[in-house]
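Every number here is computed from the coordinates shown, using simple stated rules; none is lab data. The structure displayed is predicted, hence computed values, not measured ones. Here the Cβ is made from the backbone with ideal geometry for all residues, glycine too, and neighbour counts use every protein chain on show.
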Amino acid sequence: MRSFSSFRPVLNDMSPREAKSAMFAMFLRANAFNVRRQFDRTTWRTARPWMTFDEVRYELKRFRERSLGLLQLGNVTLKNIDVETAVKYEAFATKKIFQLDITEMINNFYDFDAKGSIPKRVVLDKINEEFIHLNRGSVVERDRNWKVAIKELTKGKNLMLKPKISEHSLAALILQLFSMSDKVITLDEIKAQITPCLLAAHQSVSAPILRRALAITGVKLKYKNHFEIINGIIEKYYVKHKLANENPHRLKSIVNQYVKIPHDNFVWDLIDFKIVPKHDYTSDEYEQAFNEKYDEPPTIAPLQMPFYRYKHPYMYVRKKQKINWKLFIDKCTRGGGTNAETLDAANAMLINKGLVTYEHCHPEFDILKVQGLILNQ
């Protein structure tokens, strides 16, 4: 990093005040193009050794008092924001960290919470990580700017703060909403999809946290479109009703019949559950069958199909039967365990009564199995 002038920039016959103002103007002109770009230590022209940073800040104060919005330096025109940026970049170059910088950095990682309680040292270490990453130096506990910045947040030895979403949690959210791709996606496209989920979770994200999260996930991503897919399924099988309250587990299970979206995916926080099925399926007449020969599915409307599958997620189903087991149980005694011969005899009884037999593994036979009943010979 070089100075804006390699030799004394002003004449000795100028007054000290005039000399400082002239140096400030020359410093601004030397950085006229740099102030409109991201800060780059290799191209920045510092005011040192001719001006200390405190002197630069004082000249900025005087400029604010007399500025009309623009500063003309020969053929170079600088707006007020350019002058402000020049002083900010000089702070970066000289590694000066002030109260406002500290406050802004705390707000990057924490939100105010009257009930929050985080040790001061934890917060200091956190913001110093970012300051060091930005090559801006670090803050120490005895720094007056640090003490002033946290004064209103202090409660005993701790600060009334709560952490924002961590970079690891944000990375997990991004990977729920995006899949890996071979094309780079823009930050605006990423923000557009994660912001609704963050708002629903009452979370906010800052540029440093997003940068750290993307360092984990990368930026070669493709939006999964899950929100639109879910709403498309809802539009097909449901109608909105302000008094309704659809079972979240059922809706998630129905959607997963068509596309696999984990039940804990953040996208579900964006879904409106004030919906009811267009054609529900509530029948309790059917149960699971364990063999294709017993398969006897009901006749249902197409719009009932996902609700039927939710209620009966089996390969085969059959109608339930009402069976009076008392007479058969009276012919049995407790043994070491119900055998196949007893179950065959039970099926023979069902046939005699005009009923349909069961596989030996069917839960209907549990009434015999749990008692270890064996038919008397």
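The table below lists the values:
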| read-out | value |
| --- | --- |
| Cβ pairs under 7 Å, 6+ apart, first in region 17-40 and in contact (Cβ under 8 Å) with a residue 60 or more places away in the chain, second surrounded by 17 or more Cβ atoms within 10 Å (Cβ to Cβ) and among the hydroxyl-bearing types (Ser, Thr, Tyr) | none |
| Of all residues making up region 57-87, the number that are in contact (Cβ under 8 Å) with a residue 24 or more places away in the chain and within 42 Å of the chain's Cα centre (by Cα) | 9 |
| Ala207 vs. criteria small (Gly, Ala, Ser) and in contact (Cβ under 8 Å) with a residue 60 or more places away in the chain | yes |
| Tally of residues being within 10 Å of Leu373 (Cβ to Cβ), in contact with a strand residue (DSSP E or B) (Cβ under 7 Å, 6 or more places away or on another chain), surrounded by 11 or more Cβ atoms within 10 Å (Cβ to Cβ) and not β-branched (Val, Ile, Thr) across region 321-361 | 4 |
| Tally, over region 115-128, of residues that are farther than 12 Å from Asn158 by Cβ and either among the aromatic types (Phe, Trp, Tyr) or surrounded by fewer than 14 Cβ atoms within 10 Å (Cβ to Cβ) (or both) | 1 |
| Residue ranges of helices (runs of 4 or more DSSP H) in region 130-229 with at least 1 members of a type in the set (Ser, Thr, Tyr) | 167-177, 187-200, 207-217 |
| Flag if Ile323 is more than 26 Å from Gln176 (Cα to Cα) and free of Cβ contacts under 8 Å to residues at least 60 places away in the same chain | yes |
| Residues located in region 224-270, provided they are β-branched (Val, Ile, Thr) and either touching a helix residue (DSSP H, G or I) at 6+ places or on another chain (Cβ under 9 Å) or within 25 Å of Ser179 (Cβ to Cβ) (or both) | Ile229, Ile230, Ile233, Ile234, Ile254, Val255, Val259, Ile261, Val267 |
| Meets criteria (in contact (Cβ under 8 Å) with a residue 60 or more places away in the chain, crowded, with 17+ Cβ neighbours inside 10 Å and not basic (Lys, Arg)) for Leu173 | yes |
